[in-house]
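The values are calculated or read from the model by the stated rules, or taken from the named source; none is laboratory data. The shown structure was predicted, so the numbers you read here are calculated from the model rather than taken from an experiment. Neighbour counts are summed over all protein chains in view; Cβ atoms, including those assigned to glycine, are modelled from backbone coordinates with ideal geometry.
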Amino acid sequence: MTGHPLSRHHTLKGAVGAAAALTVAAATGAAPAAASDETDAETDRAPKATVVLVHGAFADAASEEEALELYGTFAVAAPGEPLFQAAAANLNPWTEAKVDTHAADRGPLLIISGEKDNTVPWAIANAAYKKQAQNEHAVTEITEIPGRGHSLTIDSGWREVADTALTFVRRFVDPTT
């Protein structure tokens, strides 16, 4: 591999390192120095994910050029606490991330997975589907979009995702209202 900042080796290494730094920081309340070029003290705000993390985790099926564009458009400074809460949700019975999968008033749910999503791979999306599908009061479906990654709703192929979601929603909307 080359020394290019977005090479596959550096992307994986950077994504794992940044995710670990964010997790540790969320658990301890410290600012994750590895997650940004600027520290929390220098900017007085939450850290911004690095472009390596964005390409390796969120824009995983996008080209390097598109990953840089997505980073410039969508990456914002944010605390790591919600990521830690989501990661530890199954370990904490009082978590803020708890979901009532048997709610009688839940509407139709379509889980859309990207074939190349490394952040929420098919196994995780399918496990969520199986859990939600146990709800006898609501329709639950899952679909996988070929060749797409985690940024499927914001990258250049977003229209396919929007069309998939719109087709699903239209099945449950009364056209006379």
> Looking at GLU160, GLU96, which is the one that is within 30 Å of LEU68 (Cβ to Cβ) and not in a strand (DSSP E or B)?
Replying inline: GLU160
> Would you pick out the residues in segment 82-135 that are among the aromatic types (Phe, Trp, Tyr) and within 25 Å of ALA61 (Cα to Cα)?
Replying inline: PHE84, TRP122, TYR129
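What number of residues within segment 62-85 are part of a loop (DSSP other than H, G, I, E, B) and at pLDDT below 75?
Step one: list which residues in segment 62-85 are part of a loop (DSSP other than H, G, I, E, B), which gives 62-63, 75-76, 78-80.
Now narrow it down to the ones that are at pLDDT below 75: 75-76, 78-80.
So the answer is 5.
Can you find, within segment 104-146, the residue that is farthest from the chain's Cα centre (by Cα) among those that are charged (D, E, K, R) and in a loop (DSSP other than H, G, I, E, B)? Quick ask: steps written out before the conclusion?
Step one: filter segment 104-146 for residues charged (D, E, K, R), giving 105-106, 115-117, 130-131, 136, 141, 144.
Among the residues that remain, those that are also in a loop (DSSP other than H, G, I, E, B) are: 105-106, 115-117, 136.
Details: ASP105: 26, ARG106: 22, GLU115: 14, LYS116: 13, ASP117: 9, GLU136: 27 Å.
Restricting to residues being charged (D, E, K, R) and in a loop (DSSP other than H, G, I, E, B), the top hit is GLU136.
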> Of the residues that sit in segment 84-106 and are touching a helix residue (DSSP H, G or I) at 6+ places or on another chain (Cβ under 6 Å) and surrounded by 14 or more Cβ atoms within 10 Å (Cβ to Cβ), which one is nearest to GLN132 (Cα to Cα)?
Replying inline: THR101
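Evaluate segment 33-46: report whether one residue or more is under 27 Å from GLU160 (Cβ atoms), of a type outside the set (Phe, Trp, Tyr) and modelled with pLDDT of 60 or more.
No, that holds for no residue.
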> Of all residues in segment 86-123, which are modelled with pLDDT under 80 and out of contact with any Ser or Thr (no Cβ under 8 Å at 6 or more places or on another chain)?
Replying inline: ALA86, ASN90, LEU91, ASN92, PRO93, TRP94, THR95, GLU96, ALA97, LYS98
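Is it true that GLU160 is surrounded by fewer than 16 Cβ atoms within 10 Å (Cβ to Cβ), among the charged types (D, E, K, R), modelled with pLDDT of 95 or more and in contact with a Leu (Cβ under 7 Å, 6 or more places away or on another chain)? Can you show your working first?
On the way: surrounded by fewer than 16 Cβ atoms within 10 Å (Cβ to Cβ): yes; among the charged types (D, E, K, R): yes; modelled with pLDDT of 95 or more: yes; in contact with a Leu (Cβ under 7 Å, 6 or more places away or on another chain): no.
So GLU160 fails the test.
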> Name the pairs whose Cβ atoms lie under 7 Å apart, with the first residue in segment 119-148 and on the phi > 0 side of the Ramachandran plot, the second of a type in the set (A, V, I, L, M, F, W, C) and not in a strand (DSSP E or B), and 6 or more positions between them or separate chains?
Replying inline: GLY147/ALA61
